[in-house]
1. Please list, or write none, the lysines whose alpha carbon is within less than 19 Å of the alpha carbon of Lys99, excluding same-chain residues fewer than 8 places away.
2. What length, rounded to one decimal in nm, is gained on full extension from Arg175 through to Glu66, with 0.36 nm per residue of separation minus their alpha-carbon distance?
3. Quick one: angle between helix 269-283 and the longest Cα principal axis of the chain, in degrees between 0 and 90, rounded to 10, please.
4. Which one of Arg243, Arg127, Arg186 has the biggest mean-square fluctuation once the chain is modelled by GNM with Cα springs under 10 Å?
5. Probe radius 1.4 Å, ligands and nucleic acids ignored: give me the carbon and sulfur share of the accessible area of the chain as a rounded percent.
6. To the nearest 0.05, what FRET efficiency results for Arg192 and His247 with a Förster distance of 35 Å applied to their C-beta separation?
7. Have a look at Pro239, Pro179, Pro135 and tell me which one the Gaussian network model of the chain (Cα, springs below 10 Å) gives the largest fluctuation.
8. What spacing in nm lies between the two simple spin-label points modelled at Asn31 and Leu282, each 7 Å away from Cα in the Cβ direction?
Amino acid sequence: MRLIDDKYEIVAKLGSGGQSSVYKARHAHLNEYYALKLISEELGDAPELLSRFRSEAQTMAKFRHENIVRVHNLITQDGRPYCLVLDYIDGPNLAEYLKRRGALSAPDALEIARQLASALEHAHGFRVWHRDVKPRNVLIESEQPWRVLLTDFGIAKLEDSLERTRTGHVVGTTRYSAPEQLGWGRRRGEERVRASVDQRTDVFGLGLVFFEMLEGVQFFRDMNVGDVIAWASDPSPEPVTFRQPQHPAVRELVTRALARDPDERQQSMTAMLQEIGRCQRLVGRPAS
């Protein structure tokens, strides 16, 4: 039986990415379950990855919010971080759920969006921008009543902190990146000045998730990665269109969140929460 840190017994593999894998584990002494995020062994000596992993732990450890997955411990080996101990959520992520169930009703989508906006508002209170808001990073603990939790702050950015990647390198998942993450900028004479990444970047990310919940398909579903990056610089992009019938206030909320110019979006998660609340009063809340 393999034990991590002499106490966490690996039970099952939950998923993996290019840099880490996540496992369900049982605490051998407490008989409680946790999620362990382990750095891939072949990348264990990469300084940038180790720094990012430690930064994720330090960032998430600040949060105390019912809709953010909590960090319990950062396990090190020979002075290097290699395992993050997180809440274990016994449920699918939102991407898996939408693939299986299809589009959600407006009341359900609004309630999930409300919880995510509340989580992001909490993170923004620490001047932390998530920068990778997408269905795969939303875990569903229960439905009717809904409870979802936001996770994976691995590429979160502290305001005024230096970028950890090369200039021009896209940070995040391209299909869930805001235009400013893909190089969008304002024209000033002959020069184009890139817009900064801030809380409005997460507004766009939440808009993408909201659209996908309502429509059952990705906003950039018909585009390859190159098309998405080109879209960010298109002077006249296609307007946001909905195939499913939606209340005008819901369409307006999502359309504004997906504005290419950050100045045209809701300017904060507090503003998003206010608009979501208004839509919930108009459309109704999900039945409990």
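The values are calculated or read from the model by the stated rules, or taken from the named source; none is laboratory data. The structure displayed is predicted, hence computed values, not measured ones. Heads up, the Cβs are rebuilt from the backbone with ideal geometry, glycines too, and the neighbour counts pull from every protein chain shown. Accessible surface is based on the protein model in full, side chains and every heavy atom, while ligands, DNA and RNA are left aside. Shrake-Rupley method; radii C 1.70, N 1.55, O 1.52, S 1.80 Å.
1. Lys134
2. Here the segment from Arg175 to Glu66 would lengthen by 36.5 nm.
3. That works out to roughly 70 degrees.
4. Arg243
5. 45
6. For Arg192 and His247, the calculated efficiency is 0.40.
7. Pro239
8. My value for the distance between the label points is 5.2 nm.
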